[in-house]
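The values are calculated or read from the model by the stated rules, or taken from the named source; none is laboratory data. The shown structure was predicted, so the numbers you read here are calculated from the model rather than taken from an experiment. Counting neighbours? That spans all protein chains shown, and the Cβs are built from the backbone with ideal geometry, glycine included. The accessibility values were calculated without ligands, DNA or RNA, using every heavy atom of the protein model including side chains. Shrake-Rupley method; radii C 1.70, N 1.55, O 1.52, S 1.80 Å.
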Amino acid sequence: MRLNRTQGAAVAAVALAVLFAGGAVTVASADRDEAPSTPVSSSADAGFARDMAVHHQQAVEMSFIVRDRTKDEEVRRLAYDIANTQANQRGMLLGWLDLWGLPKNVSGVAPMAWMGMGDMGSMDMDGALMPGMATNAQLDELRRASGREAEVLYLRLMTEHHKGGVHMAEGCVQKCSVDIERKLAQGMVDAQRSEMALMADMLKKRGA
């Protein structure tokens, strides 16, 4: 059926009204979802992503070291799980920085500044840039150890590493504004607390 000019104009008006209504619903829905704006470089979101990426990298390094220093399957399995999990999470954190168009390293900004702990950067920590991180001397000790000695040292170092990681992740849960990042941080808290309990049992089994 052909529409005359008046009928065609009426149909067009109805269609435009529907489109605008749909747009209004979409905007309202977006407002309810509270989609965050892109974080700035000085935000807790960016600071956590940068610092936890560095923190995770050392956990991956320690796990690869102990894998080659012991034949104990329980420790090797734990080390593999930690290395795999934290390498994947590190990739997510660095990917978000790329997505936000932010640098992965910022000169002149001390680690933990986003948590109000930037004064740590002025301390000589022998490579331990943040809470829980092993010093260069401790990493060298782990590389020289073998067997039970390496297992016990790794479990002790990783327990402290997890304590520092949990502290940082809890800071993000409180301070970060990006919902998916807060959820990742809470997942870190839960998983690392569980691993700390497991490592405590493993130390007891080794008389340590």
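Over the stretch 57-156, what percent of the accessible surface lies on carbon and sulfur atoms, probe 1.4 Å? Walk me through the intermediate numbers first.
On the way: 2650 of 5400 Å².
Answer for the stretch 57-156: carbon and sulfur cover 49 percent of the accessible area.
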For the stretch 96-168, build the charge dipole from Cβ charges (+1 Lys, Arg; -1 Asp, Glu) around the Cα centre, then report which of 154, 138, 105 sits farthest towards its positive end.
-> 154
Filter on 104/183; 71/204; 104/175 - keep pairs with C-alpha separation over 25 Å | none
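Could you tell me what a quarter of the Cα convex hull surface of the stretch 60-208 works out to, in nm² with one decimal place?
Details: hull surface 36.6 nm².
Across all orientations, the stretch 60-208 yields a mean hull projection of 9.1 nm².
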Contour excess over end-to-end distance, with Cα ends at residue 99 and residue 148 and 0.36 nm allotted per residue = 13.3 nm
Counting Lys and Arg as +1 and Asp and Glu as -1, each charge on the Cβ, what is the dipole of the stretch 60-200 about the Cα centre in debye, to the nearest 20?
-> 180 debye
Scoring the stretch 126-208 by relative contact order with C-alpha pairs under 8 Å, at least six apart, yields a percentage of 29 percent
State the Cα centre-to-centre distance between the stretch 54-108 and the stretch 190-208 in whole Å.
-> 19 Å
Using mean Cβ contacts within 10 Å as the protection proxy, how do 194-201, 165-172 order, highest first?
-> 165-172, 194-201
What spacing in nm lies between the two simple spin-label points modelled at residue 197 and residue 183, each 7 Å away from Cα in the Cβ direction?
-> 2.4 nm
